[in-house]
Amino acid sequence: MIKLYALKCKDGYIKEDAQKLQCVGINKASVYGKDSLEKINQLLKKAEKAGFANPRLVELTITEKELST
């Protein structure tokens with residue numbers, strides 16, 4: 001099991017792109033490992049200042065499982 005972290009916004013997830021933030025679907029979201037929690041907190045403050053509705057930190061859990069075809 002892998003744990004990753006992302007910032008959630010009203011209609012999706014936050015993506016950091018060339019120093020600007022966007023609210024996008026999960027397939028385009030910026031995700032971070034545990035070692036990036038300081039950066040995530042900085043982005044959370046930036047999202048609040050930029051006016052994102054209720055930005056918050058979420059944990060994403062990925063389970064790798066082989067599927068038969």
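Only a single criterion out of (1) out of contact with any Ser or Thr (no Cβ under 6 Å at 6 or more places or on another chain); (2) open to solvent by less than 90 Å² (accessible area, probe 1.4 Å); (3) free of Cβ contacts under 8 Å to residues at least 24 places away in the same chain is not satisfied by Lys15, namely (1). Tell me, which residue of region 18-35 that is among the small types (Gly, Ala, Ser) and under 11 Å from the mean Cα position of the chain (by Cα) is farthest from Ala6 (Cα to Cα)? The extreme case among them is Gly25. Of the listed requirements (1) surrounded by 10 or more Cβ atoms within 10 Å (Cβ to Cβ); (2) more than 17 Å from Ile2 (Cβ to Cβ), Asn54 misses just one: (1).
The values are calculated or read from the model by the stated rules, or taken from the named source; none is laboratory data. Just so it is clear, the model here is predicted, and its values are computed rather than measured. Here Cβ is always computed from backbone atoms with ideal geometry, including for glycine, and neighbour counts include all displayed protein chains. All accessible areas refer to the heavy atoms of the entire protein, side chains included, with ligands and DNA or RNA removed. Shrake-Rupley method; radii C 1.70, N 1.55, O 1.52, S 1.80 Å.
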